[in-house]
Amino acid sequence: MSGSQISEWMGAVIILLASIMGLVSALGLIRMPDVYTRSHSATKSSTLAVMLALLGAFIYFWAHEGIISVRLLLGIVFVFMTAPVAGHLICRAAYRSG
């Protein structure tokens, strides 16, 4: 196995982990009792799932085609910056509305 094949497999495994985290996020939304724990479950695990999926795609394209996608890197940064803020604002709105 060459280095590029190992990197491709790493990208595929990271994307598989992202799908598992997405499933955990969905189960957390179903199983948690109130708004705050649901928001925590949705925000943390879905942010990780999206970031892992983008990272896996970045690694795969970097190994397979030899390109570094700035769009994927910007997507990772954008999700990392905005998803926790959105979760915080949703919890704040829920707290204020009672």
*Which residue, chosen from Thr43, Ile90, Ile76, occupies the Cα position most advanced towards the positive end of the dipole of the chain, where the dipole is computed from +1 (Lys, Arg) and -1 (Asp, Glu) charges on Cβ about the Cα centre?*
Ile90
*How far is helix 3-31 tilted off the main Cα axis of the chain, in degrees rounded to 10, range 0 to 90?*
10
*Treating the angle as unsigned and between 0 and 90°, give the value, to the nearest 10°, between the Cα long axis of helix 70-97 and the longest Cα principal axis of the chain.*
10
*Would you calculate, for the chain, the mean residue ellipticity at 222 nm contributed by helices, counting each DSSP H stretch of 4 or more residues as -39,500 (n - 2.57) and dividing by all residues, to the nearest 500?*
-32000 deg cm²/dmol
*By how many nm would the segment from Met1 to Ser19 grow when fully extended, if each residue of separation counts as 0.36 nm and the alpha-carbon distance is taken off?*
3.9 nm
*Once fully extended, how much extra length lies between Met81 and Met32, figured as 0.36 nm per residue of separation less the alpha-carbon to alpha-carbon distance?*
15.2 nm
*Quick one: divide the alpha-carbon radius of gyration of region 50-98 by 2.2 N^0.38 Å and tell me what you get.*
1.63
*Could you give the dipole magnitude of the chain about its Cα centre, charging the beta-carbon of Lys and Arg +1 and that of Asp and Glu -1, in debye to the nearest 20?*
460
_Whole-number percent relative contact order across the chain, with pairs defined as alpha carbons under 8 Å at least 6 apart_ = 33
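Values in this text are rule-based calculations from the coordinates and carry no lab data. This is a predicted model, so every value here is computed, not measured. Methodologically, a virtual Cβ is constructed for each residue, glycine included, from the backbone with ideal geometry; neighbour enumeration extends over all protein chains shown.
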